[in-house]
Amino acid sequence: MAAALIETLTSVEDFLQRQHGSFIDGTCQLNSASETLALRNPADDQVLASVQLADAGQVDRIVESAHRAFRSGIWSRLAPAERERTLLRFADLVEAHGEELAQLETLNQGKSIHLSRAIEVGASVNYMRYMAGWATKIEGQTLDVSIPMPAQARFNAYTRREPTGVVAGIVPWNFPMMIALWKVIPALACGCTVIIKPADETPLTALRLAELAIEAGIPAGVFNVLIGRGAQAGAALVAHPLVNKVSFTGSTAVGKQIGIAALHNMTRFTLELGGKNPMLVLEDADIDKAVAGAIAGGLLNQGQVCAAASRLYVPVSRHAQFVEALSAQARAMSVGPGMDPTAQVNPLATRKHQNHVLAMLAVARREGACIATGGDAPDSPGYYVNPTVLSGLDQRSNAVQEEIFGPVLSVLPYNDLEQGLALVNDSRYGLAASVWSNDLGKVMDLLPRIEAGTVWVNNHVPVDPNLPFGGFKQSGMGREFGRSAIEGFTELKSVCITY
Ligand code: NAD
């Protein structure tokens, strides 16, 4: 695996050398008694940096800091235009430090430097600017009421949206910076204060963001970062009585635990969970375009994308042609470190996850999968899995029903469109789906019948800050982005005035 790596910035080297810990009340707070976790570079398994995990006392301190900052009004009662201006300054700083953040993400998470630059930084900056604008557009309604008493009284009634309070944003390791910002910026636009808990394996960009937030003028205590394992620090955060809202992105299994834990305190929650997303190719589809769409929408970030295409349904008459074209493209992809700009497939985020994907491939083999390409890992200390195309699987097999979250595409044939649609909907998940066709009548008939929070036509995976994103069925509860995000970080208050 030859690799020509880009040069690491000095600022990145310096950041990696530092001892990191949770970011509480405007500073990194270290505690020599805390457990230290070594972070590893997924490209070569070498130690990259180290972070101290928060203990129970630090969980309390971080929540108290966010609670104090919220109650003080230093952020929540700031004029909306001032909040907007501050968030726009924050976006400018993220853009100005874009290369540094992109390199940190690639070194920590493994993804391509192109993806870090374009998505983790580029798309995030667009999202930040879009969401900053909501700070000045939060609105209620005036409502006519018919209250009969006291006689002759007149009423004026209206609603207002008020910040929910302290938000715990719990983030997975697949897009650590972007998903953190999906939570931080709308919450701050609404006037909330935030504690981000990144996945313990990928905390670096969230820590750097917290420093940039201070530089942008966001007051200490308004944006905090809790470093810790999910089952300890994460669970303690969710259960904390001073947390008012949990915004969670991660697996369905953990999402259910979080929803149940949050209910004990009536803490509000939004859950963005797993997916097993179908792509339905119709008889008339342009196969080359559909294959390119499957590569882009299925192998992006090595398939570690909640909305990635992973079940591909193709008419039986075109199945063989599709499998052959898809495998040829997947086979031709170069595998290498994210810091090598020519590598098209990069390591998975952790050794544990690489083992999970390889174990799922072993299960698929036992279930009778025909491996058209891939199915194994290259000889490397990094956490790679070769891009894989499977066929010959039964709809009820594990590989078709369970989230693999790796560079694995399963292609299945269908006989007629009704059967194709039934297969698409035969999943406990319902995050996203795509339809590939130019037959407008058929597409329009299918759209309302597909059980998914997002349906793309002739593309798979693009998201936009203005387009609500979230899941049907076991893919989640609530929506992020657009107005939905603002509703998710505010409480609705009714006001009724007698005069
Ligand atoms: P995960 O559920 O294991 O962990 C997610 C986060 O939750 C991490 O920060 C983890 O430390 C924390 N956590 C774990 N247990 C916890 C607990 N008991 N209490 C509180 N926090 C806890 O998920 P992951 O493996 O990091 O990420 C992959 C999963 O995320 C996949 O299922 C993927 O589909 C999903 N995901 C969903 C979306 C979406 O928008 N729907 C986006 C990205 C990823």
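What follows is calculated from the coordinates using simple rules that are stated; it is not laboratory data. Keep in mind it's a predicted model, so treat the numbers as computed, not measured. Positions of Cβ are backbone-derived with ideal geometry, glycine not excepted, and every protein chain shown enters the neighbour counts.
The figures follow:
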read-out: Order of S72, S34, S410, S317 under a 10 Å beta carbon neighbour criterion, fewest first; value: S317, S72, S34, S410
read-out: Compactness of the stretch 311-417 - radius of gyration and Dmax, Cα, Å; value: 14.2, 45
read-out: Kirkwood Rh and Cα Rg combined as Rg/Rh, the stretch 64-223; value: 1.12
read-out: Exceeding the 30 Å Cα-Cα cut-off - candidates K137/K289; K256/K352; K197/K289; value: K137/K289; K197/K289
read-out: Spin-label zone in the stretch 472-499 - amide nitrogen under 13 Å from a point set 7 Å from the Cα of V145 along the C-beta vector; value: 493-499
read-out: Ranked by how many other beta carbons lie within 10 Å on average, peptides 283-289, 371-377 from highest; value: 371-377, 283-289
read-out: Two-site label geometry, D288 and D464: point separation in nm, points 7 Å out along Cα→Cβ; value: 2.7 nm
read-out: Exposure proxy order (Cβ contacts within 10 Å, fewest to most) of E480, E487; value: E487, E480
read-out: Cα gyration tensor, the stretch 1-141 - rounded (a/c under 1.5), prolate or oblate; value: oblate
read-out: Part-to-part distance (alpha-carbon centres) for the stretch 34-72 and the stretch 122-157, which is given in Å; value: 37 Å
read-out: Kirkwood hydrodynamic radius of the stretch 370-418, Cα pairs, Å; value: 12.2 Å
read-out: Summed side-chain charge close to K183 - residues other than K183 whose Cβ falls under 15 Å, Lys, Arg +1, Asp, Glu -1; value: 0
read-out: As computed over the chain, the Cα convex hull volume per residue (Å³); value: 155 Å³
read-out: Linear extension gain, A38 paired with D426, 0.36 nm per residue minus alpha-carbon span; value: 135.6 nm
read-out: Cα gyration tensor of the stretch 385-499 - equivalent ellipsoid semi-axes, whole Å, descending; value: 35, 18, 14
read-out: Rule-of-thumb Rg ratio for the stretch 144-219 [Cα; 2.2 N^0.38 Å; N residues]; value: 1.76
read-out: Interatomic Cα distance distribution for the stretch 430-472, bins of 10 angstrom, percent; value: 28, 55, 17
read-out: Peptides 139-146, 207-214 ordered by average Cβ neighbours within 10 Å, highest first; value: 207-214, 139-146
read-out: Residue-averaged 222 nm ellipticity for the chain, from DSSP H runs of 4+ at -39500 (n - 2.57), nearest 500; value: -11000 deg cm²/dmol
read-out: Calculated P(r) tail over 23 Å for the stretch 226-384, as whole % of Cα pairs; value: 53 percent
